[in-house]
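Note sheet for the following structure.
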Amino acid sequence: MIRKTVADAQEALRGVQDGMTFMLGGFGLCGIPENAIAELVQLGIKDITCISNNAGVDDFGLGLLLQKKQIRKMISSYVGENDEFERQMLSGELDVELTPQGTLAEKCRAAQAGFPAFYTPAGYGTEVAEGKETREFNGKMYVLEYAYKSDFSFVKAWKGDEAGNLVFKGTARNFNPCMCGASDITVAEVEELLPAGSLDPNEIHIPGIFIQRIFQGTLYEKRIEQRTVRKRD
Amino acid sequence: MLDKNGIAKRIAREVKDGYYVNLGIGIPTLVANFVRSDISVEFQSENGVLGMGPFPYEGEEDPDIINAGKQTITTLPGASFFDSATSFGMIRGQHVDLTILGAMEVAENGDIANWKIPGKMVKGMGGAMDLVASAENIIVAMMHTNKAGKSKLLKRCTLPLTGVGCVKKIVTNLAVLEVTDQGFKLLERAPGISLEAIKEATEGILIVQDEVPEMEI
C-alpha cells in the first residue's frame, strides 16, 4: 500500500505559489474543497487561475478568494451567484473564460486520461468557437478543445482511505472525480479518512493512483445555496 | 393565453413513456409537475443525477443532493449519481431523449440564444451549449414576446448564439410551432388565441397550413 495521507490542509498545500493554475471541484457550493480554499485564503497567494464550474457566492467558496483579490483568472461555465465576481469582471480586474459545462468537465477528464485535445459539438457556430479549429464528422460540425494544464487539483470526497481511494456522496461528486489526476498534484480532502482496507474495493469511485495527498477535512459548513422544500401533507 | 404553468402542462404531453428528460431552469422545471403518473420517466440534472424526485420535506434537506439550479432535491427509487463528464457523456452521446429549455430568442432556422445579453447579463452558458448542440429532441419553452412586447421568434437571432440550427419545437403562451426548412410552422393555437394574434407576435416566417387546432391541455 502506498500511503497518501498528510496531516492537514497546511501540509497538503505545500508548494502552492503565486501565478499557479488550480482545478477546484464542486457545483455551486455543493462538494467544494472548503478546507483547501480556506488554506489558500490563509496563504494569501496571488495571481492564481482557477478552473471551477462556478465562482462561489460573495462570502463563501471561491468568493472568499475573490474578496481578497487573489484570483487573476476564472475559467467557469456559470458565475451568476456572485456580485463581487461581476464587479471585478466588468471593471477588468478579473479575467474570465466562460466555457460550456460539458466541455469544462471533459477538458479536465482529458488531462486526467492523457488526451491532449478532443472534438465536441458544444459551442459550434457561437462565440465560444471563435478562432478554434473546427471539423466535420459524419455530417456534423465539431470544435477542437484542448485539455487543461494545471498545477494542483483540489477535490472533496465523502470518504477516503490512506491509499488515496475516494468515495463521493450524492451530487457532491460533480466535477471532483474529473479533476483527480488532471493536475501535477491532486489534493483530496475527505469528511472521513479511513485506514486502508476499510473501503470495499468494488465501491471506490476514484482509485488512489490519481491522488498525491489526502487529508481529513474539518468544520465542513456545506452551505445550501437554494433551500427548497415542500410542506408535509 | 397560457401562463407559465399552462406552457409546462402542454409540454408535459410531449414527454413519453420510457423517456430520460433534461429540464432547464424556469418554465421547463415546472414540466415535471404535469407529467402523467401512469408513465415511467426519469429526470436528469446535468450536475450529476438521474431519477430526480420532488423537493425534500422541511428538515430533510441534504446539502449534498441538489439539482442544476442549486436547489435541494430528493431522488426516487432507481436513481443514480455520477460525475460531470459522465453526465455530459449522456447528453453528448444522445442518451437523453428530450431536452426542454428556455430561450431569449429563437430564429426561423432553429438558432437559439439564451445565455448572454452583451453588457447586461454575463452569467455564463452553464450546460446550455452542450445540451443544444447534442440533443436530438429539443423543445423550447418561452413567452412568445419579450417584456417590451417584441417577438422572440425571429428571422435571425440578435443576441449571441447558444447553438445553431438545433431547435425543433417551440411551445409559447400563444402557440405550438415546429421549426422547418421553410420557417416556423404553426401546429396549434393556445385556447382563445386567434391566428392574427400569433402572426402579429411572430417576426420570422410563419407557415400556416389548413385549419390550426387549439391546444388540448
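The values are calculated or read from the model by the stated rules, or taken from the named source; none is laboratory data. As the structure is a computational prediction, the values presented were derived from the model and not from experiment. Cβ: placed from backbone, ideal geometry, glycine included. Neighbour counts: every protein chain shown. When the accessible area is computed, the model is the full protein with side chains, heavy atoms only, and any ligands, DNA or RNA have been set aside. Shrake-Rupley method; radii C 1.70, N 1.55, O 1.52, S 1.80 Å.
Hey, any hits in region B:151-163 for a residue that's over 17 Å from residue A:127 (Cα atoms) and outside any strand (DSSP E or B)? Yes; the residues of region B:151-163 include at least one that is over 17 Å from residue A:127 (Cα atoms) and outside any strand (DSSP E or B). Evaluation of residue A:22 against the conditions (1) in a helix (DSSP H, G or I); (2) within 17 Å of the chain's Cα centre (by Cα) shows that the sole unmet condition is (1).
For region B:53-103, residues that are β-branched (Val, Ile, Thr), facing chain A (nearest Cβ under 8 Å) and either more than 22 Å from residue A:100 (Cβ to Cβ) or touching a Cys at 6+ places or on another chain (Cβ under 9 Å) (or both) total 4. When every residue of region A:202-217 is checked against the conditions, at least one turns out to be without any contact (Cβ under 8 Å) to a residue 12 or more places away in the chain and not in a loop (DSSP other than H, G, I, E, B). When you check residue B:65 against the structure, is it in contact (Cβ under 8 Å) with a residue 60 or more places away in the chain and closer than 18 Å to residue A:224 by Cβ, yes or no? So residue B:65 fails the test. Filtering region B:45-64 to residues that are in contact with a Phe, Trp or Tyr (Cβ under 6 Å, 6 or more places away or on another chain) and either on the phi < 0 side of the Ramachandran plot or not in a loop (DSSP other than H, G, I, E, B) (or both) leaves B:47, B:49, B:52.
Yes/no matrix, rows are residues, columns are (1) open to solvent by 10 Å² or more (accessible area, probe 1.4 Å); (2) among the charged types (D, E, K, R):
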| site | (1), (2) |
| --- | --- |
| B:137 | yes, no |
| B:146 | yes, no |
| B:149 | yes, no |
| B:161 | yes, no |
| B:167 | no, no |
| B:179 | yes, no |
| B:188 | yes, yes |
| B:211 | yes, yes |
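Selection of region B:10-27 for residues being within 18 Å of residue B:49 (Cβ to Cβ), modelled with pLDDT under 95 and touching a Gly at 6+ places or on another chain (Cβ under 9 Å) yields B:24, B:25. Reported count of residues in region A:140-167, each being assigned to a loop (DSSP other than H, G, I, E, B), open to solvent by 10 Å² or more (accessible area, probe 1.4 Å), in contact with a Gly (Cβ under 8 Å, 6 or more places away or on another chain) and not polar (S, T, N, Q), is 1. Exactly one residue among B:21, B:31, B:106, B:49 is at the interface with another protein chain (Cβ under 8 Å from one of its Cβ atoms) and open to solvent by less than 20 Å² (accessible area, probe 1.4 Å), and that residue is B:49.
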